[in-house]
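*Asks:* What follows is a structure written as structure tokens; I'll ask about it next.
The values are calculated or read from the model by the stated rules, or taken from the named source; none is laboratory data. These figures come from a predicted structure and were not determined experimentally. Note that each Cβ is placed from the backbone with ideal geometry, even for glycine, and that neighbours are counted across all protein chains shown.
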Amino acid sequence: MNTEGTQEAQAAPGTVVVIGGGQAAGWVVKTLRKEGFDGRLVTIADEIHLPYERPPLSKAVLAGDADIDTVRIVKPDEFADLNVETWQPDCATQIDRAARIVKTREGREVQYDRLVIATGGAARRLPASVAKTSHVTYLRTLDEAVALGERLRASRRVLVVGGGWIGLEVAATARKLGVEATVVEGAPRLCARSLPPLVSDFLLNLHRANGVDVRLNAALVSLEDHPEDASRVRATFADGSTLDADFAVAGVGLAPHTALAEAAGLAVADGIVVDEYGATEDPNVFACGDVANHPNAWLKRRVRLESWANAQNQAIAAGKAVLGVKAPYAEIPWFWSDQYDVNLQILGDLPADAELAVRGNLDEKRASLFFVELGHLRGVIAINAARDLKLARKWMSQGRAVDLSTLTDTSKALA
Ligand SMILES: Cc1cc2nc3c(=O)[nH]c(=O)nc-3n(C[C@H](O)[C@H](O)[C@H](O)COP(=O)(O)OP(=O)(O)OC[C@H]3O[C@@H](n4cnc5c(N)ncnc54)[C@H](O)[C@@H]3O)c2cc1C
């Protein structure tokens with residue numbers, strides 16, 4: 001076998017079943033074959049497309065600048081070489097761990113030696129008590145992105161519910177398409193769960209400067225068909241104010257697909273509980289990607305990450321572990337977003353009580369925010385500063401001490 005990591009003596013699995021057809025599932029399959037697994041490999045996926053990457057869905061795909069061929073994880077002919085039985089579109093409906101059998105909606109069943117659950121999640125829905133119209137859409141899949149792009153191009157004004165990453169990227173793409181956009185956010189600031197106030201304010205200014213009507217502390221109480229034009233939508237807020245749009249897009253978080261695992265008696269606590277190898281408490285069952293909750297060495301706590309890098313690299317570790325190769329997933333969490341002319345990247349941890357060194361100027365849309373604890377970097381937010389982030393990643397991996405005055409001195413290049 002073609003391995004990096006510690007090999008454990010155990011019988012090679014005869015059949016590996018992967019539930020899910022997203023980025024993590026794609027990387028599990030690739031990893032298994034790369035590591036030399038030549039047994040039966042079955043994937044069960046409920047989308048019609050072979051595994052693809054989702055980040056472009058709210059960016060280039062939505063804008064009409066990219067399509068399925070640019071987002072695939074494996075080209076169709078290379079996928080054929082992987083010799084995978086793809087059961088799709090189908091949906092795994094039950095895992096019988098005692099018999100090691102997965103059953104599907106189409107009535108098929110397969111016995112596994114090892115099972116990987118890479119079921120990701122679905123866009124969280126607005127409560128039915130709020131969304132009483134059919135003119136509200138969500139964005140998680142390629143088909144949804146294509147349909148949303150077409151709808152945006154046919155519209156004059158979109159209402160975006162939720163000032164998180166997906167909502168803000170949709171608003172930015174809408175503006176690029178010349179569509180008027182309003183973003184309503186119930187919290188007092190944007191991306192409040194993942195960003196410090198300084199950067200929330202930066203994003204607020206960025207969107208307002210690009211013509212987005214951003215409303216914070218906006219408590220949405222209902223979304224209904226417009227009383228005079230049922231093809232449009234009207235939003236009503238707790239203060240009695242209303243807002244009309246052609247349609248609404250809600251970006252209000254992700255609901256991880258954990259029901260299958262939970263019904264099978266696996267531990268679930270904000271995601272399927274796994275170790276640093278993607279293993280659940282059942283030695284034959286693994287999980288990875290958006291659906292998995294793992295102990296993160298850098299954050300020093302358990303976490304369920306929703307990021308491209310996690311979906312790929314945790315899947316690689318899980319794929320190896322399925323074959324008994326112990327290569328722990330121990331990456332520093334990394335996420336990026338593209339909005340207008342801004343590339344924003346977040347690496348590591350951003351403790352509220354860390355010392356903050358700001359290099360560059362947020363008003364000029366080029367800055368790095370370094371979060372320092374006991375003379376060492378814990379995390380960084382890089383705004384149009386990919387080089388700083390790359391250096392920070394190196395220093396963090398090396399455990400190198402940093403000096404605040406050096407970090408903020410833009411007269412000298414960081415090295
Ligand atoms: C619009 C958008 C933009 C993003 N932008 C960024 C970005 O800029 N940067 C970044 O770092 N990350 C970004 N992400 C996050 C990143 O794409 C995800 O973290 C990643 O796709 C997770 O991959 P996954 O395979 O774990 O889950 P998913 O991609 O959700 O794949 C899971 C698949 O399994 C299927 N499935 C679920 N249950 C079953 C079942 N029972 N049977 C069969 N199939 C099932 C699902 O339908 C889905 O196709 C973005 C995500 C979205 C949606």
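Yes/no matrix, rows are residues, columns are (1) farther than 30 Å from E180 by Cβ; (2) under 23 Å from the mean Cα position of the chain (by Cα); (3) modelled with pLDDT of 95 or more; (4) in a strand (DSSP E or B):
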residue: L243; (1), (2), (3), (4): no, no, yes, yes
residue: A248; (1), (2), (3), (4): no, yes, yes, yes
residue: G265; (1), (2), (3), (4): yes, no, yes, no
residue: Y277; (1), (2), (3), (4): yes, yes, yes, no
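*Asks:* Also, quick follow-up: Looking for whichever is aliphatic (A, V, I, L, M) and free of Cβ contacts under 8 Å to residues at least 40 places away in the same chain here; the options are L204, L195. Which one fits?
*Replies:* Values: L195 fails: free of Cβ contacts under 8 Å to residues at least 40 places away in the same chain.
Answer to the check: L204.
*Asks:* Any residue that is assigned to a loop (DSSP other than H, G, I, E, B), under 24 Å from the mean Cα position of the chain (by Cα) and within 8 Å of the ligand (Cβ to nearest atom) - is there at least one of those in region 60-82? Working first, answer last.
*Replies:* Initial filter on region 60-82 (assigned to a loop (DSSP other than H, G, I, E, B)): 64-67, 73-75, 82.
Adding the requirement that they be under 24 Å from the mean Cα position of the chain (by Cα) leaves 64-67, 73-75.
Adding the requirement that they be within 8 Å of the ligand (Cβ to nearest atom) leaves none.
No, every residue in region 60-82 fails to be assigned to a loop (DSSP other than H, G, I, E, B), under 24 Å from the mean Cα position of the chain (by Cα) and within 8 Å of the ligand (Cβ to nearest atom).
*Asks:* Please verify whether G21 is surrounded by 18 or more Cβ atoms within 10 Å (Cβ to Cβ), near the ligand (Cβ under 8 Å from one of its atoms) and not in a loop (DSSP other than H, G, I, E, B), treating the condition exactly as stated.
*Replies:* Criteria not met by G21.
*Asks:* Answer with yes or no whether R193 is basic (K, R) and outside any helix (DSSP H, G or I). Steps first, answer last, please.
*Replies:* Working: basic (K, R): yes; outside any helix (DSSP H, G or I): yes.
Yes.
*Asks:* Return the residues of region 171-216 that are closer than 15 Å to V342 by Cα and among the β-branched types (V, I, T); say none if nothing qualifies. Reasoning before the result, please.
*Replies:* Restricting attention to region 171-216, the residues satisfying the condition of being closer than 15 Å to V342 by Cα are 171-173, 175-176, 199-210.
Across region 171-216, the qualifying residues are T173, V199.
*Asks:* Filter region 83-101 for residues that are assigned to a strand (DSSP E or B) and within 9 Å of the ligand (Cβ to nearest atom) and give the result.
*Replies:* If we filter region 83-101 for residues that are assigned to a strand (DSSP E or B), which is where we start, we get 85-87, 92-96, 101.
Scanning region 83-101 gives W87, A92, T93.
*Asks:* Looking at region 126-153 only, could you name the residues that are more than 11 Å from the ligand (Cβ to nearest atom) and not in a helix (DSSP H, G or I)?
*Replies:* Start the filter on region 126-153 by keeping residues that are more than 11 Å from the ligand (Cβ to nearest atom), which leaves 126-137, 146-147, 149-153.
Within region 126-153, L126, P127, A128, S129, V130, A131, K132, T133, S134, H135, V136, T137 qualify.
*Asks:* Scan region 154-178 for residues that are more than 16 Å from the ligand (Cβ to nearest atom) and assigned to a strand (DSSP E or B) and jot them down.
*Replies:* R157, L159
*Asks:* Related question: Could you check region 351-406 and list, in sequence order, the residues that are surrounded by fewer than 16 Cβ atoms within 10 Å (Cβ to Cβ), charged (D, E, K, R) and part of a strand (DSSP E or B)?
*Replies:* Within region 351-406, E355, E373 meet the criteria.
*Asks:* I want to confirm something. Restricting to region 109-125 and keeping residues that are more than 17 Å from I272 (Cβ to Cβ) and touching a residue at least 24 places away in the same chain (Cβ under 8 Å), which single residue is nearest to the ligand (Cβ to nearest atom)?
*Replies:* Residues of region 109-125 that are more than 17 Å from I272 (Cβ to Cβ), as a first pass: 109-111, 113, 123-125.
With touching a residue at least 24 places away in the same chain (Cβ under 8 Å) added as a condition, the list becomes 110-111, 113, 123-125.
On the way: V110: 12, Q111: 17, D113: 19, A123: 7, R124: 12, R125: 14 Å.
Filtering first and then ranking leaves A123.
*Asks:* May I pose another question? Filter region 286-335 down to the residues that are in a helix (DSSP H, G or I) and more than 9 Å from the ligand (Cβ to nearest atom), then identify the one that is nearest to L57 (Cα to Cα). Can you show your working first?
*Replies:* Of all residues in region 286-335, those in a helix (DSSP H, G or I) come to 289-291, 308-322.
This time we only want the ones that are more than 9 Å from the ligand (Cβ to nearest atom), so: 313, 316-322.
Working: N313: 20, I316: 23, A317: 26, A318: 26, G319: 26, K320: 29, A321: 30, V322: 30 Å.
Looking at the filtered set, the residue picked out is N313.
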